[in-house]
Amino acid sequence: MSCDQDFEKLYSPSQWSKRFNSKEVLEKHVQFIEHHSRLVREKIPCHLGNSYGPGPKEKYDIYGTDLNNHAPILIHIHGGYYQEECITHSNNGFIASVLHESGIKTILLGYELSPQRTVSEILERLQIVLRECISYATKLESRALYLSGHSVGAHAIAALLTDLKKSISSAESDLIQGVFLICGLYDMVPITKMSANDLLKLTADTARELIPLYSELDYGSTKIFIVGAENDSPAFVSDSQKFYKKLHLMGANCFLTIIPDADHFDIIENLYDRNFQLADFMVKAIKE
């Protein structure tokens, strides 16, 4: 394997699963999330397709509209390297199943992908919809708000949270009690050297501006739960460990967990299972 191939593999989570080969793990992941999200849409009261911008993917879905106004809310941003068409907010609805059973509402955020939007533009638009959803939670008098992101969804939250908290009222900021960053990548510079950048078109300078790992951050008292998967790409696991160390050194209220025997894909799929370690942990953290 050439050096270029080694580098591509290092930042390609599908190459590291011990369950299936690279092609199969992604195909089975998409099949799983689409099937179980359909089931969830059929059984949980929801309000789908709320628009926050002109783009066809700039929508969000709310699950658990039957729950009382004070119910806690989880806002989730899906992954896909800001370009993967087959992973959307719609087929991430499956994560609402366990949350709804536990009395927690779920909001799933969609976003336009590259090359239709630059990464910077995607993050700007996500900032807008996050403020809109925080306002929604405030008007309902929700007792708590949590954010979660998987893969680049985790990167988005880590990159946006400091400015987001500055742009909202102190009461709204206090409402954000915790953040779950699942299998995130917190240094985007290596991506500029990958084939994935053919669509992202990130320059090294722009990538450096989007690095939570080396940026000045202020998350206040919000609890930051950094979660990695044992069988994920070593680059993603390393980034989670480095980001935890950064936050810990700056005095943030942060925690690091590496889920054993999980990979980049089944760590999120298994949120459909109440007995899965991460699903149980998230429910208990939100309900405490």
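The values are calculated or read from the model by the stated rules, or taken from the named source; none is laboratory data. Just so it is clear, the structure is predicted and the values come from calculations on it, not from any experiment. Reconstructed Cβ throughout: ideal geometry from the backbone, glycine too, with neighbour counts over all protein chains shown. Side chains are part of the model used for accessible areas, which takes the heavy atoms of the whole protein and leaves out ligands, DNA and RNA. Shrake-Rupley method; radii C 1.70, N 1.55, O 1.52, S 1.80 Å.
So if I place +1 on the C-beta of Lys and Arg and -1 on the C-beta of Asp and Glu, and nothing else carries charge, what would the dipole magnitude of the chain be about its Cα centre? I want it in debye, nearest 20. Please report the intermediate quantities before stating the final value.
On the way: 28 positive and 37 negative charges, 99 e Å.
That gives a dipole near 480 debye.
Tell me which of His70, Gly153, Gln116 sits at the most positive position along the dipole axis of region 45-157, charges placed on C-beta atoms (Lys, Arg +1; Asp, Glu -1).
His70
Less than 12 Å Cβ to Cβ from Asn231, Lys/Arg counted +1 and Asp/Glu -1: what total charge do the surrounding residues give?
Working: positive: Lys18, Arg19; negative: Glu230, Asp232, Asp261, Asp263, Asp266.
Once positives and negatives cancel, what remains is -3.
Just checking my list (i) 32; (ii) 72; (iii) 27 against percent of Cα pairs over 29 Å apart computed from this structure; which label fits?
From the options (i) 32; (ii) 72; (iii) 27, the structure gives (iii).
Can you find, among Phe32, Ser240, Ser173, the residue farthest towards the positive end of the dipole of region 5-287? Put +1 on the C-beta of Lys and Arg, -1 on that of Asp and Glu.
Ranked along the dipole, the leading option is Ser173.
Between region 113-138 and region 183-225, what is the C-alpha centre distance in whole Å?
Region 113-138 and region 183-225 have Cα centres separated by 16 Å.
With helices defined as uninterrupted DSSP H runs, which ones in the chain have an alpha carbon span along their own long axis of at least 30 Å and mean Kyte-Doolittle hydropathy of at least -0.5? Don't skip to the end; give the middle numbers.
Working: long enough: 22-43 (32 Å, -1.00); 119-140 (31 Å, 0.50).
Answer set is 119-140.
Nearest 500 deg cm²/dmol is fine: what mean residue ellipticity at 222 nm does the chain get from its DSSP H runs of n ≥ 4 alone, each adding -39,500 (n - 2.57), divided by its residue count? It would help to have the intermediate numbers written out before the result.
Working: 11 runs with 121 residues, N = 288.
The helix-only estimate for the chain comes to -12500 deg cm²/dmol at 222 nm.
Where does the charge balance sit around Asn253 when Lys and Arg score +1, Asp and Glu -1, over other residues with C-beta under 15 Å from its C-beta? All intermediate terms of the calculation are to be shown ahead of the outcome.
Values: positive: Lys165, Lys223, Lys245, Lys246; negative: Asp174, Asp218, Glu288.
Surrounding charge for Asn253 is +1.
Counting DSSP beta bridges in the chain, what percent are antiparallel, to the nearest 5? It would help to have the intermediate numbers written out before the result.
Working: 8 of 35 bridges.
Once the DSSP bridges in the chain are tallied, antiparallel ones form about 25 percent.
Report the net charge of residues surrounding Phe32, where surrounding means a beta-carbon distance below 9 angstrom and charges are Lys +1, Arg +1, Asp -1, Glu -1.
Values: positive: Lys28; negative: Glu34, Asp266, Glu269.
Once all neighbours under 9 Å are counted, the net charge is -2.
Equivalent ellipsoid semi-axes for region 2-152, as square roots of 5 times the alpha carbon gyration tensor eigenvalues: give them largest first, rounded to whole Å.
On the way: eigenvalues 170, 73, 34 Å².
The answer is 29, 19, 13 Å, longest axis first.
Carbon-plus-sulfur fraction of the accessible area of the chain, 1.4 Å probe, in percent?
Working: 5950 of 12130 Å².
Carbon-and-sulfur percentage of accessible area, whole number: 49.
Exactly which trypsin sites (Lys or Arg not before Pro) in region 236-288 are in a DSSP loop and have at most 15 other Cβ atoms within 10 Å?
Working: sites: Lys242, Lys245, Lys246, Arg274, Lys284, Lys287; in loops: Arg274.
Answer by residue number: Arg274.
Given a 1.4 Å probe, how much area per residue of region 5-287 is accessible, in Å²? Display every interim value, and only then the final one.
Details: 11560 Å² over 283 residues.
The answer is 41 Å² per residue.
Take the alpha carbon gyration tensor of region 244-288, find the square roots of its eigenvalues, order them as a ≥ b ≥ c, and report rounded if a/c is under 1.5; if not, report prolate when a/b exceeds b/c, else oblate.
Numbers: a/c = 3.41, a/b = 1.56, b/c = 2.18.
Because a/c hits 1.5 or more and a/b fails to exceed b/c, region 244-288 counts as oblate.
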